[in-house]
1. Got a sec? Which of Glu51, Glu81 is of a type in the set (Asp, Glu), on the phi < 0 side of the Ramachandran plot, without any contact (Cβ under 8 Å) to a residue 24 or more places away in the chain and surrounded by 10 or more Cβ atoms within 10 Å (Cβ to Cβ)?
2. So which residues in the stretch 17-72 are among the hydrophobic types (A, V, I, L, M, F, W, C), in contact with a helix residue (DSSP H, G or I) (Cβ under 9 Å, 6 or more places away or on another chain) and not in a helix (DSSP H, G or I)?
3. Report whether or not Asp68 is acidic (Asp, Glu) and touching a residue at least 24 places away in the same chain (Cβ under 8 Å).
Amino acid sequence: MSCGDPNDTDCTAALERMVFFIDNELADADAATIKQHLDDCAPCVDHFVLERAVKALVARSCAERAPDELRHKVLISIRQEIQVRYGETGPA
């Protein structure tokens, strides 16, 4: 499987399934195939490391809660939009 060429079919298949591998969403046999490919292909390992880092960064960034004041303003804005669209009595 070692290739180092991202256009190679093995690399293409591995890269297409990389996010599923990172999320442990592959069947055991498919995960083993990706693992073997990563053991043999340095360019795909680089891609794997980058994908995993980006995924971790996004997870950390999305875990932060918005300030209560912002949440309150958003809820008020939504209520006002509903009143403008539907009025006090409901949809026209």
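Since every read-out is calculated from the coordinates, none of them should be taken as a lab result. Since this is a predicted model, take the numbers as computed values, not measurements. Positions of Cβ are generated from backbone atoms using ideal geometry, with glycine treated the same way; all protein chains shown enter the neighbour counts.
1. Details: Glu51 fails: without any contact (Cβ under 8 Å) to a residue 24 or more places away in the chain.
Going through Glu51, Glu81 in turn, the sole match is Glu81.
2. Leu26, Cys41, Ala66
3. no
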